[in-house]
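The values are calculated or read from the model by the stated rules, or taken from the named source; none is laboratory data. Predicted model only: the values in this text are computed from it and were never measured. Counting neighbours? That spans all protein chains shown, and the Cβs are built from the backbone with ideal geometry, glycine included.
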Amino acid sequence: MVYNGSPAGIACAVRAAREGLSVLLANHTPILGGMLSNGMCVWDTLYEGKRSPIYDELREAIFAFYRDTYGEVSNQHRTCLDSPSGHSHSFFVKTYLFLSKDNPTQNFESRVAQMLVEKMIDSEPNISCLMSSYPLQVVRIGPLIKSVTFGKMNADCLPDTDGARTEVSADSWVDCSYEGDLMAVCGAAYRFGREPRSEYQEPHAGKIFLKPSKEPPSDRLAFLGNEHAKLNLRKPRNIPDYQEVVEWEGAGNGDDRVQAFNFRIMLTNVTANRMPVERPVMYNRDYIKTLGNSWSDSSGVRHRVNMPQLVGPQNPYVDGSWKDRKKVKDDHWDAFLGLLYFAQNDESEPKERRKEASQWGLPNDEFVENGHRPYEMYTRETRRLEGRYVFTEHDATFIDDVKRTRIHGDAIAVNEWFVDIHPCTLEKLPGTQHEGKVMLHQETFPGQIPYQAILPKGIDNLLVPVCISSSHVGWSTIRLEPTWMNIAEAAAWAVIIAARNGVAPAEITHETLVRKLADARVMISFFNDVDLGSDDTWISAVAYFATKGFFPGYDAKADDTLDSATAEVWANAFVALKKGFAGDPMATARLAATAAQRTTAPISMVAFHEMTGIPGHAGEDSPITRSDACALLYDALK
């Protein structure tokens, strides 16, 4: 049972179905695809390589749709291709006149994403869908969920008290909702809001003010900026290079606030497809003016529709009733319509700006059954599981002696986005951004997400890949659709392994799961120089041993010869693994980092066989490469 047809839910359901499981996919709205089908229209990722097969497949399907429909050299096709930066335009502009061949924007239409997602689901005979449904109550015996009863939603996305109820029984449950509604109904512990700085000793936890800086405000940040520049990641646009923390009385205190929400809006300037902008029924000019001129900027109206953020009104949504949530969504939608009407009609706006704004309106061919309004709002942060591991800011922080982030032996996915937190309150100090806004592009490094972070305490057959166990700061590096799809496909493999072994997902061995993910080419560790799309047989081995501490830093250097000092570290770790001792991957990484600083001769293939105790090699006594050494050890562990 997979709850919610978000991109994560799609990845989880499709993978499980393709491996022979019977899957029921429930969704609280009438359409599938989550934010991809509801105005997001961009892959928020800094990494352009392959990372998880279902994610890769859907992404390629979007490319193929625009290529096959409009032609390889069309602006429509160019629009959807990889962007040179991590933040392209904030929304899909349904016109193609301003794009150049060398300026792709990585954007696509909601209706296209929805069509491709639903086509993917329809092609899987093992998947059944339960639409416009939400979890209502649970039957649970000890650590196992036995059944969940689902209620029906009406056309206003409110519970239909007269609607049919459906009781679902399943062996395993996966909550892929943005709100964590299934985990909440099932009694999993969760939290929301901001931890105090003292809880996990996170430098950016709790209430915080930061001011942007073009130059590094400290030698430490300059060092991190230099290290970050070595990564095979795109640089995001429109964020400050550095941020400096402003200390004040009360800094670091926790509270129950979450970062701001908003709708992600598509517009069109194609007259035949453009809905007229009318004065909203709830229009309040004085209130709209307090939102600031967030509609347009010097670069043009089309860049500023990831707005408005009503900082404060989002909080009741998180743990509120469906009625509370509808009010939050209505308030945000009314504010957007008011802002659009203001930009086009208010005489306080310059005439040229009004003229420019008047070109744009809601597309007539999007969300036709919902008044041309997206079904989902961009809820950047809601509930967070209190799981068996808590992913914090430290898991995305560079550690000097291993030249990367913390290594996890049970890694199932990677985060590569920066700490990206939108405002939590409207407070400001001189020179600062709104309180709570934190964007640490230079200070956030790719990390490994452990399996324990999607496992609730006390429930063995529930996995939570979206509302993952994390702190407020740690969450902000994970909260992107590509990352969630990466985690959710890994979660599907955990369920598959559990089903094949007749156990609950919490009872499978981490080693079995990590090896399966490595073999399935699900990214479990980030490298600058490893392509998961390659057919090279050593890639699974390198991915697996990256979770065991074999590779300090972000370069595998697979084609290099293995030096004798590193060989000794690897051989000792391998012998322990062979005996069933996973050991401490961080300790291994520190030994490997120290070995790399020594100048030692390459080790021969024969000598490496002798060092590891693996039966000898009959070929030429030539140096062994790092990739061949990993492949040898990986095969020997089978």
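Where residues in the range 177-196 are in contact with a Pro (Cβ under 6 Å, 6 or more places away or on another chain) and surrounded by 22 or more Cβ atoms within 10 Å (Cβ to Cβ), which of them is nearest to Gly474 (Cα to Cα)? Selected residue: Ala188.
Here's the yes/no breakdown for (1) more than 30 Å from the chain's Cα centre (by Cα); (2) among the aromatic types (Phe, Trp, Tyr); (3) assigned by TED's automatic domain parsing to the domain that holds Glu347:
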| residue | (1), (2), (3) |
| --- | --- |
| Asp241 | no, no, no |
| Trp248 | yes, yes, no |
| Asn253 | no, no, no |
| Asp256 | no, no, no |
| Ala260 | no, no, no |
| Arg264 | no, no, no |
| Val281 | yes, no, yes |
| Asp286 | yes, no, yes |
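When you look at Arg279, is it at pLDDT 85 or above, within 22 Å of Thr379 (Cβ to Cβ) and in contact with a helix residue (DSSP H, G or I) (Cβ under 8 Å, 6 or more places away or on another chain), yes or no? It is false that Arg279 is at pLDDT 85 or above, within 22 Å of Thr379 (Cβ to Cβ) and in contact with a helix residue (DSSP H, G or I) (Cβ under 8 Å, 6 or more places away or on another chain). Among the residues of the range 13-34, those identified as surrounded by 21 or more Cβ atoms within 10 Å (Cβ to Cβ) and either among the small types (Gly, Ala, Ser) or over 30 Å from Ala155 (Cα atoms) (or both) are Ala13, Arg15, Ala16, Ala17, Ala26, Gly33, Gly34. When restricted to residues that are within 33 Å of the chain's Cα centre (by Cα) and either among the basic types (Lys, Arg) or part of a strand (DSSP E or B) (or both), the range 577-607 contains 1.
For the range 339-446, list the strands (runs of 3 or more DSSP E) that sit wholly inside it and hold at least 3 residues that are buried (at least 19 other Cβ atoms within 10 Å of the Cβ) and in contact with a Ser or Thr (Cβ under 6 Å, 6 or more places away or on another chain); which are they? Please lay out each step first, then the result.
Details: elements: 411-415, 419-421, 438-440.
Once the strands (runs of 3 or more DSSP E) in the range 339-446 are filtered for at least 3 residues that are buried (at least 19 other Cβ atoms within 10 Å of the Cβ) and in contact with a Ser or Thr (Cβ under 6 Å, 6 or more places away or on another chain), what remains is 419-421.
A search for C-beta distances below 8 Å between a residue of the range 532-544 that is more than 20 Å from Ala411 (Cβ to Cβ) and any residue that is modelled with pLDDT of 95 or more and of a type in the set (S, T, N, Q), counting only pairs 6+ apart in sequence or on different chains, returns Asp536/Ser627.
Residue by residue, here is whether (1) under 22 Å from Ser540 (Cβ atoms); (2) in contact with a strand residue (DSSP E or B) (Cβ under 6 Å, 6 or more places away or on another chain); (3) buried (at least 16 other Cβ atoms within 10 Å of the Cβ) holds:
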site	(1), (2), (3)
Ala576	yes, no, no
Arg590	no, no, yes
Thr594	no, no, no
Ala629	yes, no, yes
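Counting residues in the range 607-620 that are under 23 Å from Val402 (Cα atoms) and not polar (S, T, N, Q) gives zero. Among the candidates Arg354, Arg325, the residue that is of a type in the set (D, E, K, R) and more than 30 Å from Thr382 (Cα to Cα) is uniquely Arg354.
Residues checked against (1) of a type in the set (Gly, Ala, Ser); (2) in contact (Cβ under 8 Å) with a residue 60 or more places away in the chain:
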residue	(1), (2)
Ile127	no, yes
Met131	no, yes
Lys152	no, no
Ala155	yes, no
Tyr178	no, yes
Pro196	no, no
Ala205	yes, yes
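Just the residues that are surrounded by fewer than 17 Cβ atoms within 10 Å (Cβ to Cβ), within 29 Å of Glu48 (Cα to Cα) and polar (S, T, N, Q), please, taken from the range 197-242. Of everything in the range 197-242, those that are surrounded by fewer than 17 Cβ atoms within 10 Å (Cβ to Cβ), within 29 Å of Glu48 (Cα to Cα) and polar (S, T, N, Q) turn out to be Ser213, Asn226, Asn238. Within the range 221-272, the residues that satisfy the criterion of being among the aromatic types (Phe, Trp, Tyr) and outside any loop (DSSP other than H, G, I, E, B) are Phe223, Tyr242.
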